[in-house]
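In what follows, a structure is listed as structure tokens, so that the remarks can point back to it.
The values are calculated or read from the model by the stated rules, or taken from the named source; none is laboratory data. All figures in this text were calculated on a predicted structure; none of them were measured in a lab. Every residue, glycine as well, gets a Cβ built from its backbone with ideal geometry; the counts of neighbours run over all protein chains shown. Heavy atoms of the whole protein, side chains included, go into the accessibility calculation; ligands, DNA and RNA do not. Shrake-Rupley method; radii C 1.70, N 1.55, O 1.52, S 1.80 Å.
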Amino acid sequence: MIPGVPETLDKLRALGKKMFFVTNNSTKSRAGYLKKFVSLGLTVEAEEIFSSSFAAAAYFEQNPLNPGEKVYVIGQVGVGEELDLMNVPWIGGQHDVDKTIDLGPGVKVDIDKDVKAVVVGFDSKINYYKLQYAQLAINENGAKFIATNCDAVTNLTDAQKWAGNG
């Protein structure tokens, strides 16, 4: 926490200013970020938080899926939680963490033909199964591709740059 932040936020609120906390980090939902703010001793409302996981879910409010259609997620818990709040059916995400592919003759990944969108957020548990599933949904089902951000690199540790969502 940067010194003076709680007092600064209180002063801005006292002046009637509206605040928004914006991040392109999709790993947490608004509820997850709210918990983080509270743990830092900040008073923040969920409605003041705008994350890329929320933006991806809100996309489906403006562009609803047809009945029976669903989203395939490559990402962490934040994307799934936000899709749940918007009542958008989804598969993948943290549920596909342990899926693997043993390549050999005749090996293929079967996909759900009702997957009509792929949402990709940062996923520290990315695997080849998830990549194959997503590309098949896009190429065979004509699924829309929604990325939560286009960052080519990210700073996961202080030791080096890491591949980002983009």
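Here Tyr133 passes the criteria (1) more than 15 Å from Ser53 (Cβ to Cβ); (2) open to solvent by 20 Å² or more (accessible area, probe 1.4 Å); (3) of a type outside the set (S, T, N, Q) except the one numbered (2).
For region 136-165, give me the residue count where each residue is open to solvent by less than 70 Å² (accessible area, probe 1.4 Å) and without any contact (Cβ under 8 Å) to a residue 40 or more places away in the chain. Before the answer, list the steps.
First, pick out the residues of region 136-165 that are open to solvent by less than 70 Å² (accessible area, probe 1.4 Å): 136-138, 141-143, 146-149, 151, 154, 157, 164-165.
Right, trim to without any contact (Cβ under 8 Å) to a residue 40 or more places away in the chain and you get 136, 138, 141-142, 147, 154, 157.
Of the residues in that region, 7 qualify.
Of all residues in region 133-166, count the ones that are assigned to a helix (DSSP H, G or I) and closer than 11 Å to Tyr72 by Cβ. Quick ask: steps written out before the conclusion?
Here is the first cut: in region 133-166, the ones assigned to a helix (DSSP H, G or I) are 133-141.
With the extra rule that they be closer than 11 Å to Tyr72 by Cβ, the set shrinks to 133-138, 141.
Number satisfying all stated conditions: 7.
For beta carbons closer than 7 Å, sequence separation of 6+ or different chains, a first residue in region 61-88 that is crowded, with 24+ Cβ neighbours inside 10 Å and a second that is part of a loop (DSSP other than H, G, I, E, B) and basic (Lys, Arg), the qualifying pairs are Gly78/Lys28.
Results for (1) open to solvent by less than 50 Å² (accessible area, probe 1.4 Å); (2) part of a helix (DSSP H, G or I); (3) not small (Gly, Ala, Ser), shown as yes or no for each residue.
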| residue | (1), (2), (3) |
| --- | --- |
| Thr27 | yes, no, yes |
| Tyr33 | yes, yes, yes |
| Val38 | no, yes, yes |
| Gly41 | no, no, no |
| Ala57 | yes, yes, no |
